[in-house]
Amino acid sequence: MQVDAVSLEKACRDFINDAMARGLRDSTLKKYRVLFKQTAFYAAKQGYRFLKQWDLNALRSFRESWSDKGISALKKLERLRALFRFAH
């Protein structure tokens, strides 16, 4: 069975739809949307269209581009991990 490559855009959209169905608060959804917008911008800049293009080095480079520090960066990383767990 062949699995089609999943686009970053579709994964983010599906994640948000699932989060809404789970009843996450608007403030939480907003944080995910901000992260996904930043992710999409970075992906376009790097030429990443599909999730499978996000290897360890790509994720590390993306994380290093953040201006967030401390607990804010940690929480953002948790949200990014949630997206990839969902997509997996």
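Would you say LYS10 is among the basic types (Lys, Arg), over 16 Å from LYS75 (Cα atoms), under 14 Å from the mean Cα position of the chain (by Cα) and assigned to a helix (DSSP H, G or I)? Considered against the rule, which asks whether it is among the basic types (Lys, Arg), over 16 Å from LYS75 (Cα atoms), under 14 Å from the mean Cα position of the chain (by Cα) and assigned to a helix (DSSP H, G or I), LYS10 comes out as yes. Residues that are under 16 Å from PHE86 (Cα atoms) and of a type in the set (Phe, Trp, Tyr) were ranked within region 20-55; the one that is surrounded by the fewest Cβ atoms within 10 Å (Cβ to Cβ) is PHE50. If you go through region 29-55 and keep only what is among the hydrophobic types (A, V, I, L, M, F, W, C) and either within 16 Å of ARG79 (Cα to Cα) or in contact with a Lys or Arg (Cβ under 9 Å, 6 or more places away or on another chain) (or both), you end up with LEU29, VAL34, LEU35, PHE36, ALA40, ALA43, LEU51, TRP54. Checked against (1) more than 12 Å from the chain's Cα centre (by Cα); (2) exposed (fewer than 13 other Cβ atoms within 10 Å of the Cβ); (3) outside any loop (DSSP other than H, G, I, E, B), ASP4 passes all but condition (3). In region 20-29 there is no residue that is out of contact with any His (no Cβ under 8 Å at 6 or more places or on another chain), in a loop (DSSP other than H, G, I, E, B) and in contact (Cβ under 8 Å) with a residue 12 or more places away in the chain.
Rule-based calculations on the coordinates, nothing more; no lab input. None of the values given here were measured: they were computed from a predicted structure. Cβ coordinates were reconstructed from backbone atoms using ideal geometry, including for glycine residues, and neighbour counts include every protein chain displayed.
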